[in-house]
Amino acid sequence: MSYIHFGSTLKHLRKQQKMGRERLAYGIMPAKTLKKIERGKYLPTKDMVDMLLSRLGVSTQVFAPQYMDRDAFEADLMCRGLKHGLNNYRYRATEKLLRDMGEMPQFAGGTMRQTYLHGIASVCFYKDKDSKGALKYLREAIQITLPNFEEDEVSTYMLGDKEIDIIISISNVHEHEGKRDKAIVLLEQLVYTIKTSEIDMHEKARSLAHVLYNLTSKLNRASKYAEALELCDEAITICEAHLALELLPVLKFNKASNLFFLEEREEVRDLVYQAYYGSLTNGDSFFAKTIKERASEDFGIVIE
């Protein structure tokens with residue numbers, strides 16, 4: 001695909017979402033540079049492509065082969081490895097990977113640096129229990145694409161997937177510091193932002209379900225079971241309608257937990273088993289093990 005063709009495609013996607021150049025370009029590049037890209041007069045870097053498409057709710061994998069050289073491909077693999085390591089709590093391997101990333105020019109700026117800083121923040125938070133250090137790195141990360149970021153103004157921003165993930169992590173730090181109400185309000189703003197964004201529902205389903213999962217978890221821990229249950233049902237419906245099936249197991253387990261504490265326990269066993277086998281189907285053995293342990297400890301349900 002030529003960059004001229006990409007520019008016309010980008011313009012079509014932007015207009016389809018009824019989005020102005022200034023709004024799409026904010027924090028990424030001047031609007032006049034975006035105009036040149038759309039006219040085929042400026043060749044964007046892959047990092048620019050990633051950021052623009054993320055805000056439009058379009059997978060960068062569609063365009064990645066046209067913009068990846070060997071270095072970019074290797075950096076992308078490292079980002080995937082970082083995500084896998086963090087999801088599976090493999091901190092020794094993750095820290096080595098982060099050291100390697102820190103020495104590579106690809107991680108000196110843009111969304112690649114966001115990923116790198118988010119990784120450091122995750123290690124600070126989950127391994128070292130350093131919430132202040134984690135928050136410092138998270139704020140540095142999000143200011144790469146939202147230079148004037150303020151938590152109270154989350155509902156006014158146009159957000160991509162990486163920015164959403166960083167804001168979720170910020171809310172996790174707040175909860176850990178005993179500011180659960182603040183964490184919940186931040187996620188509620190995030191839900192509103194995603195729901196009112198210009199991209200269509202199918203494209204934003206995964207991001208919305210991901211935020212709702214984190215929000216329902218915090219509401220559950222705040223003993224707001226009825227509110228959490230309602231949002232679990234909403235998120236499950238979104239996942240099923242838009243085939244975002246990888247999140248169904250965690251959402252069904254959250255639903256089971258809220259039903260249990262509301263003493264509406266008829267569905268609990270079935271939901272727990274669906275969550276357990278759904279996790280195994282998704283290849284998430286770590287969460288499957290967690291479900292098995294919690295089902296026994298919290299609900300008295302023994303999964304054979």
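The values are calculated or read from the model by the stated rules, or taken from the named source; none is laboratory data. As the structure is a prediction and not an experimental result, all values here were calculated from the model. Note: ideal-geometry Cβ built from the backbone for every residue, glycine included; neighbour counts use all protein chains shown.
For first residues located in region 79-90 and at positive phi, partners that are part of a helix (DSSP H, G or I) and among the charged types (D, E, K, R) and lie 6+ apart or on another chain with Cβ distances below 9 Å form the pairs 89/127.
For region 250-292, filtered to residues that are among the basic types (Lys, Arg) and more than 20 Å from residue 218 (Cα to Cα), the residue that is farthest from the chain's Cα centre (by Cα) is 265. Each residue in region 122-144 was checked for being part of a loop (DSSP other than H, G, I, E, B) and either at pLDDT below 95 or not acidic (Asp, Glu) (or both), and 4 of them qualify. From the list 123, 154, the one residue that fits, being surrounded by 16 or more Cβ atoms within 10 Å (Cβ to Cβ), more than 15 Å from residue 164 (Cα to Cα) and touching a helix residue (DSSP H, G or I) at 6+ places or on another chain (Cβ under 8 Å), is 123.
Within region 162-201, being among the hydroxyl-bearing types (Ser, Thr, Tyr) and surrounded by fewer than 17 Cβ atoms within 10 Å (Cβ to Cβ) holds for 192, 196.
Polar (S, T, N, Q), closer than 29 Å to residue 19 by Cα and assigned to a helix (DSSP H, G or I): does that describe residue 106? No; evaluated as a whole, the condition is false for this residue. Say whether the condition of being under 17 Å from residue 54 (Cβ atoms) and crowded, with 17+ Cβ neighbours inside 10 Å is met by at least one residue in region 230-239. No, region 230-239 contains no residue that is under 17 Å from residue 54 (Cβ atoms) and crowded, with 17+ Cβ neighbours inside 10 Å. Pairs meeting the criteria (first residue in region 100-119 and touching a residue at least 40 places away in the same chain (Cβ under 8 Å) and within 24 Å of residue 173 (Cβ to Cβ), second residue of a type outside the set (S, T, N, Q) and in a loop (DSSP other than H, G, I, E, B), beta carbons under 7 Å, at least 6 apart or on different chains) are 110/144; 114/144.
Each row is one residue, and each column tells you yes or no for (1) assigned to a loop (DSSP other than H, G, I, E, B); (2) among the polar types (S, T, N, Q); (3) under 16 Å from residue 226 (Cβ atoms); (4) without any contact (Cβ under 8 Å) to a residue 60 or more places away in the chain.
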residue	(1), (2), (3), (4)
258	no, yes, yes, yes
272	no, no, no, yes
275	no, no, no, yes
279	no, yes, no, yes
283	yes, no, no, yes
287	no, no, no, yes
295	no, no, no, yes
302	yes, no, no, yes
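Selection of first residues in region 225-241 that are more than 10 Å from residue 255 (Cβ to Cβ) and of second residues that are small (Gly, Ala, Ser) and surrounded by 20 or more Cβ atoms within 10 Å (Cβ to Cβ), restricted to Cβ pairs under 6 Å at least 6 apart or on distinct chains, gives the following pairs, ordered by first then second residue: 238/205; 238/209; 239/209.
A count restricted to region 184-224 and to residues that are more than 14 Å from residue 164 (Cβ to Cβ) and either within 12 Å of the chain's Cα centre (by Cα) or touching a residue at least 60 places away in the same chain (Cβ under 8 Å) (or both) stands at 2.
Of all residues in region 100-121, none satisfies being closer than 28 Å to residue 282 by Cβ, modelled with pLDDT of 85 or more, out of contact with any Pro (no Cβ under 7 Å at 6 or more places or on another chain) and among the basic types (Lys, Arg). Of all the numbered requirements in (1) at pLDDT below 85; (2) within 30 Å of residue 102 (Cβ to Cβ); (3) among the aromatic types (Phe, Trp, Tyr), residue 6 misses one, and that requirement is (2). Within region 266-304, if we keep just the residues that are surrounded by 14 or more Cβ atoms within 10 Å (Cβ to Cβ) and basic (Lys, Arg), the residue that is nearest to residue 213 (Cα to Cα) turns out to be 294.
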